Amino acid sequence: MSASIPELSIVIPAFNEGDRIVSTIQQVSRFLQKEKWTYEVLIVNDGSTDSTAAIVRQSSLSDSHIRLVQNDGNRGKGYSVGHGVQESRAECVLFTDADLSAPIEEAQKLVDPILSGLADVTLGSRGLDRALIGIHQPWMREQSGKVFNRLVRWLLGLKFTDTQCGFKAFRRSAVLPLFERQRIFRFGFDPEILFLAKIRGLRILEVPVRWDHAEGSKVRLFSDAREMFLDLIRIRWNYFRGRYRWEASHDSPGR
Ligand code: UDP
Ligand code: MG
C-alpha cells in the first residue's frame, strides 16, 4: 500500500466473482494508470465461496494499489459498499459493480463533480439518457426496475430516474455519517443511503452513464424484488421511528 493518501478510492463489492475479478482488476488498473489521479482499489470480498479472495490477495501482492477487504461472511452488496467506504483512504470514493456494466472509463463523470466540490454524491444513471444503454437488462428485470423507481419516488420522495445503478461516487466525509446509520445491507441499500443524503441536505447529482448489461447477476428477481420493496417500507418506518436522527451536537455536513 502506498503511504500517502490517494485522491481516489475505488470500491468493488465482490461475491463469488472469481470468474471475472482478474479481468475487472486489470481493466480498472489499466484505466487508472492512464488517469491523473493517485488511487487505490479496494475489493470487498463478501464471503465468497469461490476463488475471489485468493485471486485478489495475489493481485495485492504484485500491485500495492490493490487492497483486499474481507467481510466476516456474506453480508450483502450494501454492507460491502459501506465497509469499503469505511476502509477507503481517499476523500473521493467511487463504487462499481464487479461486472463493470458501467464501463470504468465513465468514472470521470462521477469523480469530477466530487473532486471539484460541486456534489457530495453522484449517481450513475441508466434513466437520463437511454441511448447510452448498449446491452439492456433482461426485459422482466428492466420492467421491475421501472416499477421500483416509481415506488422509490412515491414512498421516499427521491426524484431520480435510476437509484439502482451500481456506479456511484461519494465525498467520503459527507457520507460516513450516513453509512454509520445504514440498516439496509443487501440490494435495497441505495435508496436508504440516498434518502439519508437527502434529509441530511447533501448535494446529489444524477449523471447519465454508458451501460452494458453483463450476465451472471446475483439478483433473484422475485425474492430480491420483494425484499427491496419491503426495504422501502422499512426505510419509511425507520424514519418515522426516529432511527436516522442526528444529535444536534453530533456531526454536521461540514463542507
Ligand atoms: N454482491 C455482493 N454481495 C452479494 C451480492 C452481490 O457484494 O451478496 C456484489 C456483486 O459481486 C457485484 C455487485 O454486488 O459486484 C452487484 O451484483 P450483481 O451483478 O449480481 O447485481 P446486478 O448487476 O444484477 O444489479
Ligand atoms: Mg451486475
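Per-structure values
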item: Evaluation of Phe222 against (1) open to solvent by less than 30 Å² (accessible area, probe 1.4 Å); (2) farther than 23 Å from Ala14 by Cβ; (3) within 16 Å of ligand 1 (Cβ to nearest atom) (one fails), failing number; result: (1)
item: Which numbered condition Met228 fails, given (1) part of a helix (DSSP H, G or I); (2) hydrophobic (A, V, I, L, M, F, W, C); (3) out of contact with any Phe, Trp or Tyr (no Cβ under 8 Å at 6 or more places or on another chain); result: (3)
item: Residue satisfying all of: in the stretch 179-216; part of a loop (DSSP other than H, G, I, E, B) and of a type in the set (Asp, Glu); nearest to ligand 1 (Cβ to nearest atom) among these; result: Glu215
item: Conditions (1) surrounded by fewer than 23 Cβ atoms within 10 Å (Cβ to Cβ); (2) farther than 13 Å from Gly127 by Cβ; (3) in contact with a helix residue (DSSP H, G or I) (Cβ under 8 Å, 6 or more places away or on another chain); (4) among the aromatic types (Phe, Trp, Tyr): number failed by Phe195; result: (1)
item: Residue match in the stretch 103-114 (condition: within 16 Å of ligand 1 (Cβ to nearest atom) and in a loop (DSSP other than H, G, I, E, B)); result: yes
item: Single unsatisfied condition, Trp211 versus (1) among the aromatic types (Phe, Trp, Tyr); (2) buried (at least 20 other Cβ atoms within 10 Å of the Cβ); (3) under 14 Å from Phe148 (Cα atoms); result: (3)
item: Every residue from the stretch 57-93 that is closer than 15 Å to Ala14 by Cβ and assigned to a strand (DSSP E or B); result: Ile66, Arg67, Leu68, Val69, Gln70
item: Enumeration of residues in the stretch 133-151 that are in a helix (DSSP H, G or I) and open to solvent by 50 Å² or more (accessible area, probe 1.4 Å); result: Trp139, Met140, Arg141, Gln143, Lys146, Val147, Arg150
item: Filtered residue count, the stretch 225-251, keeping only those that are surrounded by fewer than 11 Cβ atoms within 10 Å (Cβ to Cβ) and at pLDDT below 90; result: 4
item: Tabulated pairs, the stretch 85-101, first within 15 Å of Val22 (Cα to Cα), second within 16 Å of ligand 2 (Cβ to nearest atom) and among the basic types (Lys, Arg), C-beta under 7 angstrom, 6+ apart or interchain; result: Ala98/Arg20; Asp99/Arg20
item: Residue match in the stretch 116-130 (condition: assigned to a helix (DSSP H, G or I) and either touching a helix residue (DSSP H, G or I) at 6+ places or on another chain (Cβ under 6 Å) or open to solvent by 40 Å² or more (accessible area, probe 1.4 Å) (or both)); result: yes
item: Residue satisfying all of: in the stretch 65-115; of a type in the set (Asp, Glu) and farther than 23 Å from Phe187 by Cα; least open to solvent (accessible area, probe 1.4 Å) among these; result: Asp112
item: Check on Asn45, open to solvent by less than 20 Å² (accessible area, probe 1.4 Å) and closer than 22 Å to Ile184 by Cβ; result: yes
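The values are calculated or read from the model by the stated rules, or taken from the named source; none is laboratory data. Keep in mind it's a predicted model, so treat the numbers as computed, not measured. Cβ: placed from backbone, ideal geometry, glycine included. Neighbour counts: every protein chain shown. Calculation scope for accessible area: heavy atoms of the full protein, side chains included, ligands and nucleic acids excluded. Shrake-Rupley method; radii C 1.70, N 1.55, O 1.52, S 1.80 Å.
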